[in-house]
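A quick write-up on the structure given underneath.
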Amino acid sequence: MKIEFWSDIVCPYCGLMDHRLHLALDRFEHGDQVQVIHRSFQLHPDLPREGVSQVQLIEMAGAPATTVDRVLRPIERAAEAEGLTPYRAVDRTLGPTDLAHELLAYAADQGRGNEIWTAMFRAHFGQARKLWTAAEVLDFAGEVGLDRAGAAEALRSRRYRTRVAADQREAERFGARGAPFLVFDGRFAVPGAIGTDDLLGVISKAWAEGHPTLRPLPVVTDAEGVCAPDGCAVPDRTI
């Protein structure tokens with residue numbers, strides 16, 4: 001089974017859903033047969049390269065100041081309750097994530113995509129790490145054991161830019177208007193964050209629809225007879 005997970009590393013619900021997806025798959029009996037594919041969905045591509053604080057972004061968006069206590073602090077409390085701590089949804093800087101996503105695409109080609117996505121979420125939300133400039137992204141790449149020279153060439157050439165943009169267009173064709181956005185085996189989507197139990201239920205439903213269990217059919221009438229490897233039979237005798 002395949003789960004496609006569109007997200008942005010500055011999205012606090014996305015980092016929380018990455019954690020919940022790990023928890024749900026650990027509990028799912030067929031978890032080792034589920035392929036998770038991370039895809040890019042940039043939320044704030046026009047932010048300045050030096051970044052802005054979360055409070056500044058709220059002001060720039062014209063959202064009420066109560067967004068901090070009404071939306072972001074509850075995310076932090078939920079993360080802590082689920083063992084994801086520290087988790088800084090408020091006290092952090094946000095910036096354009098194009099280079100970060102291009103590094104993630106490079107990591108996927110090295111067979112380390114899911115691992116590096118999770119590491120980047122933890123770096124940003126756990127350490128309030130800035131990952132907006134090439135230097136910041138390459139420092140992170142070296143810390144997680146990616147080949148720094150290969151990563152630098154990927155960012156310099158911008159050869160993953162097209163893939164990152166294509167990811168976003170595909171999500172939008174599916175109807176995504178934000179992140180997180182998850183698609184389960186191409187059958188149905190979950191737009192937004194849900195709890196671990198609900199996520200496990202969706203995974204189980206997608207698995208059941210893709211792997212139907214064959215059951216004996218109900219008998220609707222008596223038969224005159226039947227042939228089997230050991231002979232043919234009628235109700236009274238065997239021929």
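Data for the structure
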{"quantity": "Pairs, first modelled with pLDDT of 95 or more in the range 57-77, second outside any loop (DSSP other than H, G, I, E, B) and open to solvent by 40 Å² or more (accessible area, probe 1.4 Å), C-beta under 9 Å, six or more apart", "calculated": "Val68/Val55; Ile75/Tyr13"}
{"quantity": "So Arg77, is it more than 16 Å from Asp8 (Cβ to Cβ), of a type in the set (Lys, Arg), in contact with a Gly (Cβ under 9 Å, 6 or more places away or on another chain) and open to solvent by 10 Å² or more (accessible area, probe 1.4 Å)", "calculated": "no"}
{"quantity": "Search result, residues across the range 23-43 that are in contact with a helix residue (DSSP H, G or I) (Cβ under 7 Å, 6 or more places away or on another chain) and closer than 18 Å to Asp167 by Cα", "calculated": "Val36, His38, Arg39, Ser40, Phe41, Gln42"}
{"quantity": "Criterion violated by Leu43 - all others in (1) part of a loop (DSSP other than H, G, I, E, B); (2) in contact with a strand residue (DSSP E or B) (Cβ under 7 Å, 6 or more places away or on another chain) satisfied", "calculated": "(2)"}
{"quantity": "Options Ala179, Ala165, Ala135, Ala152; residue that is modelled with pLDDT of 95 or more, open to solvent by less than 70 Å² (accessible area, probe 1.4 Å) and in contact with a Cys (Cβ under 9 Å, 6 or more places away or on another chain)", "calculated": "Ala179"}
{"quantity": "Selection count, the range 72-111, where residues are under 20 Å from Leu155 (Cβ atoms) and assigned to a loop (DSSP other than H, G, I, E, B)", "calculated": "5"}
{"quantity": "Flag for Asp69 being open to solvent by 70 Å² or more (accessible area, probe 1.4 Å) and in a helix (DSSP H, G or I)", "calculated": "yes"}
{"quantity": "Residue in the range 112-123 that is modelled with pLDDT of 95 or more, out of contact with any strand residue (DSSP E or B) (no Cβ under 6 Å at 6 or more places or on another chain), loosely packed, with under 15 Cβ neighbours inside 10 Å and in a loop (DSSP other than H, G, I, E, B) present", "calculated": "no"}
{"quantity": "Every pair of residues 6+ apart whose Cβ atoms lie under 7 Å, when the first sits in the range 122-142 and is over 16 Å from Pro45 (Cα atoms) while the second is open to solvent by 40 Å² or more (accessible area, probe 1.4 Å) and part of a helix (DSSP H, G or I)", "calculated": "Leu138/Arg148; Ala141/Arg148; Gly142/Arg148"}
{"quantity": "Given (1) touching a residue at least 12 places away in the same chain (Cβ under 8 Å); (2) out of contact with any helix residue (DSSP H, G or I) (no Cβ under 8 Å at 6 or more places or on another chain); (3) in a helix (DSSP H, G or I); (4) basic (Lys, Arg), index of the condition Arg20 fails", "calculated": "(2)"}
{"quantity": "Gly186 being in contact with an Asp or Glu (Cβ under 6 Å, 6 or more places away or on another chain) and modelled with pLDDT under 95", "calculated": "no"}
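The values are calculated or read from the model by the stated rules, or taken from the named source; none is laboratory data. In this text, all values refer to a predicted model and were calculated from it rather than measured experimentally. Neighbour counts run over all protein chains shown; Cβ positions are idealised from the backbone, glycine included. Quick note on the areas: whole protein, heavy atoms, side chains included, nothing else; ligands and nucleic acids left out. Shrake-Rupley method; radii C 1.70, N 1.55, O 1.52, S 1.80 Å.
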